Amino acid sequence: MFKTLCLRTPSWIHFGMGSVSKVATEAKRLGGKHVMIITDQGIVNSGLLTRVTDPLESGGLEYSVFDQVEPEPSLQTLQEASKIAKENKCDLFIGLGGGSSMDTTKMVSALMTNDGRLQDFFGVDNVKKRGLPTMMITTTSGTGSEVSRMAVFTDKKANLKKVVSAQNILCDVAIVDPELTESLPPHVTAATGIDAFIHALEGYIAVNSNPVTDTIALEAIRLISGSLGPAFAGKDREARYNMSLGSLMGGIVLNNAGAGVIHALAYPIGAEYHLSHGKALMPIFAESLREIAVSNFPKLKNIGLAMGLKIEHLSPLPAADAAIDGMVQLANRVKLPTALSDIKADKSKVQEWAQAAHGEQRLLGNTPVKLTLDDVAKIFERSF
Ligand SMILES: [Fe+2]
């Protein structure tokens with residue numbers, strides 16, 4: 001009954017419209033002499049890169065740019081970025097973009113001080129030394145990578161997602177500027193936004209949830225469920241602001257309470273069909289939640305209430321059902337696939353996915369119901 005808790009966040013988190021202008025001051029405070037910005041072509045083409053390079057130039061800081069990060073980054077991309085970082089003797093790393101760029105940045109920094117190949121760091125706390133200083137500047141409102149100690153890569157040969165989870169890759173400075181998300185296309189707003197929602201939801205019901213993360217999670221759920229639709233629909237600065245704030249909160253919940261079954265089952269689906277992480281979550285979302293709802297009907301009702309659903313009068317069980325339906329409707333409103341048949345998945349692969357998902361014990365162990373291999377396979381089957 002008396003929980004102990006430990007909260008892990010970057011040393012500094014800057015949030016707000018225009019907060020990206022802090023980048024040069026923070027780079028100097030972190031002692032950067034030669035900054036490496038790690039990003040993707042979309043960020044360069046959209047002009048967002050200059051929101052970072054202009055202040056760095058004004059501040060007299062030298063920088064290199066690696067702009068070849070692809071969605072769901074591969075081991076090879078990391079190796080290329082790491083080689084350039086070492087050749088240029090970079091001493092401060094800025095991840096600018098979505099989860100892919102930020103995750104790559106975390107490991108490029110780690111490889112500056114840790115010997116080994118990326119494969120050696122998969123799993124929990126296998127990065128033994130902190131890397132060189134890092135700053136994360138998110139341009140989406142969803143992954144939470146700017147405040148998380150996780151980095152996800154795709155092993156293209158094995159067609160598997162591999163995760164590094166280590167306190168030593170949590171960044172030094174996170175900058176969350178809603179203005180950087182204003183040109184996000186609707187489908188990215190939807191996929192990253194639902195990812196943020198699920199971070200808050202899974203953290204709220206997780207084994208490792210605590211009173212602090214619970215409070216943050218419910219506010220994240222309130223913000224995201226109220227602003228995802230308007231942000232998806234078009235230019236709405238208030239919705240973008242609320243999505244960025246909700247996403248930051250979701251990331252803090254993810255980093256401290258952890259994710260669970262929904263993330264575990266989404267990994268093989270994302271790898272098999274090359275779906276963005278956010279898009280891979282919803283097809284198995286509802287059935288995963290229904291499977292574990294018995295663990296905490298009142299908490300599921302609280303989620304529905306935070307979403308503004310009129311379920312006060314319902315007892316916990318029907319309220320939880322209504323809350324899950326409400327979450328699926330939220331995803332439908334932003335045109336995300338909500339069943340495996342929506343993505344034309346192949347039912348004959350269920351056992352293979354179940355094996356992969358059941359191997360994610362870091363996540364299943366944090367899920368409030370113990371799930372067997374058979375339970376996991378059944379969730380996949382019911383998700384068609
Ligand atoms: Fe996620």
Please work out which one of (1) surrounded by fewer than 24 Cβ atoms within 10 Å (Cβ to Cβ); (2) away from the ligand (no atom under 12 Å from the Cβ) is the condition Val261 fails and give its number.
(1)
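Filter the stretch 104-146 down to the residues that are within 16 Å of the ligand (Cβ to nearest atom) and assigned to a loop (DSSP other than H, G, I, E, B), then identify the one that is surrounded by the fewest Cβ atoms within 10 Å (Cβ to Cβ). Walk me through how you get there before you give the answer.
Step one: list which residues in the stretch 104-146 are within 16 Å of the ligand (Cβ to nearest atom), which gives 106, 136, 138, 140-146.
If we keep only those that are assigned to a loop (DSSP other than H, G, I, E, B) as well, we get 140-144.
On the way: Thr140: 28, Ser141: 35, Gly142: 33, Thr143: 30, Gly144: 30.
Out of the qualifying residues, it is Thr140.
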Among (1) within 16 Å of the ligand (Cβ to nearest atom); (2) under 30 Å from Lys33 (Cβ atoms); (3) of a type outside the set (S, T, N, Q); (4) surrounded by fewer than 23 Cβ atoms within 10 Å (Cβ to Cβ), where does Lys161 come up short?
(2)
Thr39 fails exactly one of (1) more than 28 Å from Val188 (Cα to Cα); (2) surrounded by 24 or more Cβ atoms within 10 Å (Cβ to Cβ), namely (1)
Restricting to the stretch 265-278, count the residues that are more than 11 Å from the ligand (Cβ to nearest atom) and either without any contact (Cβ under 8 Å) to a residue 60 or more places away in the chain or crowded, with 24+ Cβ neighbours inside 10 Å (or both).
3
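What tally of residues in the stretch 280-307 results from selecting those that are within 16 Å of the ligand (Cβ to nearest atom) and modelled with pLDDT under 95? Reasoning before the result, please.
Here is the first cut: in the stretch 280-307, the ones within 16 Å of the ligand (Cβ to nearest atom) are 280-285, 288-289.
Still in the list and also modelled with pLDDT under 95: none.
Number of matching residues: 0.
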What single numbered condition from (1) over 16 Å from Leu7 (Cα atoms); (2) in contact with an Asp or Glu (Cβ under 8 Å, 6 or more places away or on another chain); (3) not assigned by TED's automatic domain parsing to the domain that holds Pro268 fails to hold for Ser165?
(1)
Per the list (1) outside any helix (DSSP H, G or I); (2) touching a strand residue (DSSP E or B) at 6+ places or on another chain (Cβ under 7 Å), residue check on Ala259 breaks on (2)
For Thr25, work out the one condition from (1) among the β-branched types (Val, Ile, Thr); (2) modelled with pLDDT under 95; (3) in contact with a Pro (Cβ under 9 Å, 6 or more places away or on another chain) it doesn't fulfil.
(2)
Do we find that Leu228 is within 16 Å of the ligand (Cβ to nearest atom) and in a helix (DSSP H, G or I) in this structure?
yes
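The values are calculated or read from the model by the stated rules, or taken from the named source; none is laboratory data. The structure displayed is predicted, hence computed values, not measured ones. No Cβ is skipped: glycine too gets one built from the backbone with ideal geometry, and neighbour counts run over all protein chains shown.
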